[in-house]
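Engineer: Take this structure first; my questions come after.
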Amino acid sequence: MMSDQAAIGRAAGQSELEPSLHRVMGPGLLLLFIVGDILGTGIYALTGQVAKQVGGVVWLPFLVAFGVALITAFSYLELVTKYPKAAGAALYTHKAFGIHFVTFLVAFAVMCSGITSASTASRAFAANFSSGFSLGLEGTGITLVGLLFMALVAIINFRGVGESVKANVVLTCIELTGLLIIVAIGLWALGAGRGDISRVLVFEPAGDRGVFWSVIAATTLAFFAMVGFEDSVNMAEECKDPSRIFPKVLLTGLVSTGLIYVLVSIAAITLVPAAELAEGETPLLKVVSAGAPGFPLGIFGAITMFAVANSALINMLMASRLVYGMSREGVLPSVLGRVHHSRRTPYVAIAFTSVLAIGLITFVGAVPALGGTTALLLLGVFAIVNIAVLALRGDRVDHEHFRTPTILPILGAVSCAFLVGPWTGRAAIQYTIAGILLGIGVVLWLATTIVMRSQARRLSESEQPQGTRSGPVN
């Protein structure tokens with residue numbers, strides 16, 4: 001396996017040979033990217049499952065999840081303005097600890113979170129496709145649609161997606177429109193005397209866990225809706241003056257989406273009782289049907305499908321490129337770094353990540369399990385990033401950067417680590433899924449290590465002078 005020094009040298013050599021990325025994103029486009037990355041599958045698919053845990057105070061877990069995400073965002077802000085590079089959490093981990101295996105685990109966990117997030121989106125797409133067009137699909141039917149959708153995502157990924165900031169503006173506007181429709185329907189229905197605003201203060205825990213632990217259990221699901229802001233740090237090399245604009249823009253985007261989520265959850269519980277909202281996998285379609293019976297469900301179903309489809313594609317693009325990058329850096333088998341000669345896409349990495357996603361859709365399927373696993377993986381990564389901020393405080397750079405109050409990364413590390421634990425009521429299946437995915441990565445890493453050490457040993461022996469080699473003398 002390539003050593004840390006070799007990896008750094010290789011990166012440095014590449015930086016001298018490769019042109020820098022084009023800095024095209026100003027504050028406006030960066031804000032739209034952040035908002036678009038956060039909005040998506042979580043709020044569209046998991047609102048009902050959050051309501052199942054806490055009843056009418058469904059907005060509270062989203063608020064708590066927003067608080068935890070906001071604290072961690074401050075840590076990301078210090079690191080992205082200090083090191084405005086595109087490698088994100090893996091770069092921060094490597095700089096802070098310098099342990100190659102830990103860096104690999106963080107990078108692979110981020111990759112796995114992309115796969116579980118895309119699988120969640122595929123399942124949500126299938127459920128909304130069935131409900132939006134009154135197909136009445138259940139069980140196997142939903143799974144088959146989800147698998148067909150993931151296959152389509154893989155094909156698009158293989159062909160190559162020319163992503164641009166203009167496309168992101170359109171996608172973000174469509175996703176945002178769907179949620180604003182929910183808020184508008186809620187306000188309109190209340191004005192017409194159709195909703196029950198008193199439900200927003202009714203706590204109905206699942207089982208006998210009490211207020212605190214029920215809210216914590218719901219927060220582990222709601223946190224899935226808040227992730228995505230961390231992806232924006234990978235755009236640092238394509239932003240104009242990132243050290244200056246990132247703090248204001250990231251915080252504005254996170255606060256805006258948090259506010260929208262709280263308003264959507266309040267509108268949802270006002271129009272649909274918690275027990276009914278928790279049934280099925282299309283909670284927001286129920287809100288539209290209850291609040292505006294004349295509104296075409298097919299239109300809102302299409303908006304929802306578009307939102308979650310975009311989430312799936314973005315996450316599978318990210319996951320396949322991370323696998324490709326790790327292969328090119330010598331920490332995963334070299335075969336995963338192969339590029340198709342005509343499409344110029346990492347086709348083996350795309351196939352590998354798509355097979356994992358198909359397996360999750362087939363054998364797990366349930367949105368709460370997949371969404372919860374995404375949150376579990378990223379909470380672990382966030383805990384490490386918060387610690388990395390403190391570890392890197394002694395590393396000075398030659399430009400001004402954002403500095404978060406020391407108490408925040410401490411609170412961030414503690415809160416994220418706390419939400420990872422089994423005491424939160426997190427389903428055991430989430431640990432199983434995360435463990436299997438990370439286990440696959442570790443096996444591949446070990447196999448790569450053994451192969452590369454063997455190759456290095458043979459190369460070293462072949463370069464020795466003939467007279468110095470051990471063995472029989474003729």
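The values are calculated or read from the model by the stated rules, or taken from the named source; none is laboratory data. This one's a predicted model, so the numbers in the text were calculated from it and none came from an experiment. Note that we place each Cβ from the backbone using ideal geometry, even for glycine, and neighbour counts take in every protein chain shown. Just so you know, the surface numbers come from the protein's heavy atoms only, side chains and all, with ligands and any DNA or RNA stripped out. Shrake-Rupley method; radii C 1.70, N 1.55, O 1.52, S 1.80 Å.
Engineer: Taking the alpha-carbon centroid of each part, what is the distance from region 408-432 to region 298-371 in angstrom?
Structural biologist: Here the two parts' Cα centres lie 25 Å apart.
Engineer: Now for a separate question. Please work out how many pairs of lysine residues in the chain are eight or more positions apart (or on different chains) and have Cα atoms closer than 16 angstrom.
Structural biologist: Taking the Cα cut-off of 16 Å, the pair count is 7.
Engineer: In percent, what relative contact order does the chain have, based on Cα pairs under 8 Å that are 6 or more apart in sequence?
Structural biologist: Rounded, it is 33 percent for the chain.
Engineer: Further question on the same structure: Using modelled amide H (1.01 Å from N, peptide plane; none on Pro or chain starts), what sits under 5 Å from the amide H of Gly55, excluding residues fewer than 5 places away?
Structural biologist: For Gly55, the qualifying residues are Glu204.
Engineer: Rg and Dmax of region 283-361, using alpha carbons, in Å: what are they?
Structural biologist: Rg then Dmax for region 283-361, in Å: 18.6, 57.
Engineer: What would the Debye equation give as log₁₀ I(q)/I(0) for region 137-292 at q = 0.10, 0.11, 0.12, 0.15 Å⁻¹, counting only Cα atoms as equal point scatterers?
Structural biologist: Once normalised to I(0) and log-transformed, intensities are -0.55, -0.66, -0.78, -1.12.
Engineer: Mind sorting out which of [x] 1.02; [y] 0.95; [z] 1.87 is the real Cα Rg over 2.2 N^0.38 Å computed from the coordinates?
Structural biologist: Computed from these coordinates, Cα Rg over 2.2 N^0.38 Å corresponds to label [x].
Engineer: So, one more: Taking the radius of gyration and the Kirkwood hydrodynamic radius from Cα positions alone, what is the Rg/Rh ratio for region 193-235, to two decimal places?
Structural biologist: Radius of gyration over Kirkwood radius for region 193-235 works out to 1.20.
Engineer: Moving to a separate point now. What Kirkwood hydrodynamic radius do you get for region 69-145 when you take the inverse of the mean 1/r over all pairs of distinct Cα atoms, in Å?
Structural biologist: Taking every pair of different Cα atoms in region 69-145, averaging 1/r and inverting gives 15.3 Å.
Engineer: How much length is gained on full extension from Leu438 to Val335, taking 0.36 nm per residue of separation minus their Cα-Cα distance?
Structural biologist: Between Leu438 and Val335, full extension yields 35.2 nm more.
Engineer: Hey, another quick one. Give me the accessible area of Asp208, 1.4 Å probe, in Å² rounded to the nearest 10.
Structural biologist: 150 Å²
Engineer: Stokes-Einstein diffusion coefficient for region 84-205 at 4 °C in a medium of 1.567 mPa s, Rh from the Kirkwood formula over Cα pairs: what value in µm²/s?
Structural biologist: It comes out at roughly 68 µm²/s.
Engineer: Label points 7 Å out from Cα along the Cβ direction at Met452 and Thr406: separation in nm?
Structural biologist: 3.7 nm
Engineer: Counting only helical runs of four or more DSSP H residues, what would the 222 nm mean residue ellipticity of the chain come to if each run contributes -39,500 (n - 2.57) and the total is spread over all its residues?
Structural biologist: Helices in the chain give a 222 nm mean residue ellipticity of -24500 deg cm²/dmol.
Engineer: Could you pull out which residues in region 236-265 have an amide N less than 20 Å from a spot 7 Å beyond the Cα of His399, following the Cα-Cβ vector?
Structural biologist: Once the point is set 7 Å along Cα→Cβ of His399, 236-251 turn out to lie under 20 Å by backbone N, inside region 236-265.
Engineer: How much accessible surface area, in Å² rounded to 10, belongs to the heavy atoms of Leu187 with a 1.4 Å probe?
Structural biologist: In the full protein context, Leu187 sits at about 120 Å².
Engineer: Here's another thing I want to ask about it. Suppose all protein chains stay in the model; what accessible area per residue would a 1.4 Å probe give for the chain, in Å²?
Structural biologist: 43 Å²
Engineer: With label points built 7 Å along Cα→Cβ from the Cα atoms of Ile155 and Tyr431, find their separation and express it in nm.
Structural biologist: Inter-label distance under the simple model: 4.1 nm.
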